[in-house]
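What follows is a short report on a single structure.
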Amino acid sequence: MSRFFYLTLGYGLIWVSIGVYLVLMQRRIDRVRGELAELRARLGRN
Amino acid sequence: MRASTISRGLDLLALPLIAIGMALAFLYVPGERTMGDVQRIFYFHVPFAMSSFVGFAIVLVASLGYLKTRRDAWDVVAEAAAEVGFLCCTIVLLTGPVWARSAWGVWWTWDARLTTTLILWMVYAAYLVLRAYGAEDAKLKRYAAVLGIVGALNVPIVYFSVKWFRTQHPSSTFFTREGLPVPAMAFTLRFCLIAVLILFVTLLLKRIQVGRLEAERDQLRYELDARE
């Protein structure tokens, strides 16, 4: 395989890793914010 | 200035700096004579390695802070730095073998630098597994802090492994008199280091924000349990 293939693979792995991490972190933020809103609403009711 | 304003500013700064760094690595720097184009991985491989070291150094300081004060704020910072440092270390372990396959003809060799980096990665993988299983347990937080400190003590061994042992891995290019032979290479490496460090800080601040939100959620759950 050409050296350009390895270069593309290397940079591809970097940005896919960062992208996956950012997506997972955003999903985690959304989930925790949802839980917080629900808990605040329940605390308001009690 | 509020932390969220700094975080947004860094968000806006990180992406163009990374794009310029990529442009420099691909268009500005001359190709290396023996390795050719694959050597261009080096301009992001090294900065991610340095960022992982910074992350694990933050784990060391924050874990010591937690063990001394038992304040959860230190624990949140330690966990965030471990996670982002682990991500950077993973990128190093992914890009290194890609370069090695092209330069050395093998994906992996049990070279001192590679092996010590893999041990560092495994220690922090264990740290994150420990955190995942006992996020709210004070005893597990203490164990995690000790593991975080032990892991960070491995960083100098990884850094100096190319000096202490006979190794195939290229020697350090930072903090040495020799540095890189071509000024364009040295400039691009420094530029990419700054860009990746800004990306690292951006990710770290976001992860600390997640940790704070989770701490607030746990506090609300505790209050709700106490009322019911």
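Where a number appears in this text, it was derived from the coordinates with a stated rule and is not lab data. Just so we're clear, the structure is a prediction, and the values are computed from it rather than from any experiment. Note that we place each Cβ from the backbone using ideal geometry, even for glycine, and neighbour counts take in every protein chain shown.
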So, for the Cα atoms of the stretch B:15-77, Rg and Dmax in Å stand at 18.3, 54
Answer in debye to the nearest 20: the dipole magnitude of chain A about its Cα centre, from +1 Lys/Arg and -1 Asp/Glu charges placed on Cβ, is 180 debye
Longest principal axis of chain A (C-alpha) makes with the long axis of helix A:3-45 (C-alpha) an angle, in degrees to the nearest 10, of 0 degrees
Taking Cα atoms only, helix B:183-227 is inclined relative to the longest principal axis of chain B by an angle, in degrees rounded to 10, of 10 degrees
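In Å, what Kirkwood hydrodynamic radius results for chain B from the alpha-carbon pair distances?
On the way: mean 1/r = 0.0524 Å⁻¹.
That comes to 19.1 Å for chain B.
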Answer in debye to the nearest 20: the dipole magnitude of the protein assembly as shown about its Cα centre, from +1 Lys/Arg and -1 Asp/Glu charges placed on Cβ, is 220 debye
Rounded to the nearest 10 degrees, the helix B:112-133 long axis (Cα) sits at an angle to the longest Cα principal axis of chain B of 20 degrees
Excluding residues fewer than 8 positions from B:LYS68 in its own chain, the lysines with Cα under 30 Å of it are B:LYS139, B:LYS141, B:LYS206
Quick calc: nm separation of the 7 Å Cα→Cβ label points for B:ALA138 and B:TRP104 -> 4.7 nm
If the label point sits 7 Å along Cα→Cβ of B:ALA184, residues of the stretch B:4-47 with amide N under 11 Å come out as B:24-32
Expressed in angstrom and ordered largest first, the alpha-carbon extents of chain A along the principal axes are 66, 9, 5
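How large is the Kirkwood hydrodynamic radius of the protein assembly as shown, counting all unique pairs of alpha carbons, in Å? Write out the running numbers ahead of the final one.
Working: mean 1/r = 0.0496 Å⁻¹.
In the protein assembly as shown this quantity evaluates to 20.2 Å.
Could you list B:LYS206, B:LYS139, B:LYS163 so that the one with the fewest beta carbons within 10 Å of its beta carbon is first and the one with the most is last?
Details: B:LYS206 21, B:LYS139 8, B:LYS163 11.
Taking fewest neighbouring Cβ atoms as first place, the list is B:LYS139, B:LYS163, B:LYS206.
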To the nearest 20 debye, the stretch B:20-227 has a Cα-centred charge dipole, built from +1 on Lys and Arg Cβ and -1 on Asp and Glu Cβ, of 360 debye
Simple SL model, points at 7 angstrom along Cα→Cβ for B:ASP11 and B:GLU228; separation in nm is 3.3 nm
